[in-house]
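Read-outs: derived from the displayed coordinates by stated rules, not from any lab. Nothing here was measured: the structure is a model prediction, and the numbers come from that model. Neighbour counts run over all protein chains shown; Cβ positions are idealised from the backbone, glycine included.
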Amino acid sequence: MSDPFPSMRVALKTRIVVIGAGQAGLSSAYHLKQLGLVPGRDFIVLDKAPAPGGAWQYRWPSLTLTTVNRVHDLPGLSFADFAGADQSVQASIAVPRYFAAYEERFGLDVLRPASVSVVCDRGSRLRVESDRGLFSAEGLINATGTWEKPFIPDYPGADSFTGRQLHTRDYKTAAEFAGQHVLVVGGGISAIQLLDEISQVTRTSWVTRTPPRFREGPFDQDAGRAAVAIVEDRVRAGLPPGSVVSVTGLPVTPAIEAARARGALNRQPMFEAITPNGVRWADGSSLDVDVILWCTGFRSALDHLAPLQLREPSGGIVMSGRLATQVERDKRIHLVGYGPSASTIGANRAGSAAARELLAHLDAMTQSPA
């Protein structure tokens, strides 16, 4: 979408602003259009990324359609039909192409790159400030995900480390670590994937805060619903959401079995401090390493919503609505891709619920007497 007001000083009025055009944002935009709203007039989609694809466009090159956990369909267009049979294609190429085709197919007119700096309450409306102009909206669907908020825990001595430290989002290829000792920190799926890759080309060690829990059996729909329900209960109570993956366990794939066989999955407990040459445990033992790779996850990118004071003292946000996408403190605001909808399949369902519930709420506000 071209910028209609490149030097706009007066806020453009619209019914709804959608922030973010990843899986959750595009799903929300699709359902808003299905409900009769016109893209670019009744709702505006703003996306910080320079091109379609959400966080997928930044994934490491070795993550292909064969190795990725799964790419779920957006509503109305099958990814399998679009991607074809070649599963060796990089996910960072295939998924952005799919998202771009999706935006074009349904005429979603995403304005990008558009970085939102702040959202403020202006009585009956919300003011959205971005580097592409100002917008005044009745309601907001926030779909900013987590990619912009990598999390690295603070450990004593971190600044003294003379080697290299990087986060999952900085990873490109295992070959760059050849000849070095790499310490992988974290117990999620990304940590396991990168540990597997790097351990095939150089020496690795692995530490996690809690013992990893591998899922040996199948993960059926009932197990999936139970896992999502745990996270949903947390956000409905106003607690920080945590990760859906943290309650599903780690799938045991052929790659995991091979990594286990060559000793790459010999996990050690979390260290106490970082030294100039590596890490040290509470019992005084230490390990010299060249690289610390923090696979310690992400946090929800919600800093631009801070003026709305949505958070509870616990640090979480009380969520309501059918799929826990509605902010209880301000029902004009829905968070999709947050908490139970952080998975790609959850994002699709959340996009539908958020679009319907937000529009119903705004219509009710319009019809109610002053």
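Could you rank the peptides 129-141, 325-337 by their average count of other C-beta atoms within 10 Å per residue, with the highest value first?
Values: 129-141: 20.7, 325-337: 23.8.
Those peptides, ordered most packed to least, come out 325-337, 129-141.
Grab the Cα-Cα distance for Ala229 and His181, subtract it from 0.36 nm times how many residues apart they are, and report the gain in nm with one decimal.
Here the answer is 13.3 nm.
With a point put 7 Å past each Cα toward its Cβ, work out how far Asp170 is from Arg311 in nm, to one decimal.
In this crude label model, Asp170 to Arg311 measures out at 2.4 nm.
Kindly state, to the nearest 0.05, the FRET efficiency for Asp42 paired with Glu129, given R0 = 25 Å and r defined as their beta-carbon distance.
0.75
Which of rounded, prolate, oblate describes segment 156-310, given a ≥ b ≥ c as roots of the alpha-carbon gyration tensor eigenvalues and a/c under 1.5 marking rounded, otherwise prolate only if a/b is larger than b/c?
oblate
Classify segment 137-184 as rounded, prolate or oblate from the Cα gyration tensor: take a ≥ b ≥ c as the square roots of its eigenvalues, call it rounded if a/c is under 1.5, otherwise prolate when a/b beats b/c and oblate if not. Let's see the in-between values first.
Working: a/c = 5.04, a/b = 2.01, b/c = 2.51.
Because a/c hits 1.5 or more and a/b fails to exceed b/c, segment 137-184 counts as oblate.
May I ask you to derive the relative contact order of segment 10-119, considering only C-alpha pairs under 8 Å and at least 6 residues apart, and to give it as an integer percent?
Relative contact order, segment 10-119: 36 percent.
Once R0 is set to 56 Å, what does the formula 1/(1 + (r/R0)^6) return for the Cβ-Cβ distance between Asp121 and Ala261, expressed as a FRET efficiency to the nearest 0.05? Please report the intermediate quantities before stating the final value.
Details: r = 57 Å, r/R0 = 1.01.
Once the sixth-power term is evaluated, E becomes 0.50.
Could you line up Cys120, Cys295 from fewest to most neighbouring Cβ atoms inside 10 Å?
Fewest-to-most ranking of Cys120, Cys295: Cys120, Cys295.
Counting other Cβ atoms within 10 Å, which trypsin sites (Lys or Arg not before Pro) in segment 32-127 have at most 16 and lie in a DSSP loop?
Arg41, Arg70
Between Pro313, Pro276, Pro96, which gets the highest mean-square fluctuation from a Gaussian network model of the chain, Cα cutoff 10 Å?
Between Pro313, Pro276, Pro96, it is Pro313 that shows the largest mean-square fluctuation.
Between Asp283 and Gln268, 0.36 nm times their residue separation minus their Cα-Cα distance comes to what?
Full extension of this stretch gives 4.1 nm more.
Place a label point 7 angstrom from the Cα of Gln87 along the Cα-to-Cβ direction, then list the residues of segment 59-79 whose backbone nitrogen is under 12 Å away.
64-71
Between Ala158 and Asp303, what length comes free when the chain is fully extended (0.36 nm per residue of separation minus the Cα-Cα distance, one decimal in nm)?
Working: separation 145, 0.36 × 145 = 52.20 nm, distance 2.50 nm.
Between Ala158 and Asp303, full extension yields 49.7 nm more.
If I model a spin label at Ala100 and Lys13 as a point 7 Å from the Cα along the Cα→Cβ vector, what separation in nanometres do I get?
In this crude spin-label approximation the distance works out to 3.7 nm.
Report, for the chain, the % of DSSP beta bridges that are antiparallel, rounded to 5.
That works out to approximately 40 percent antiparallel.
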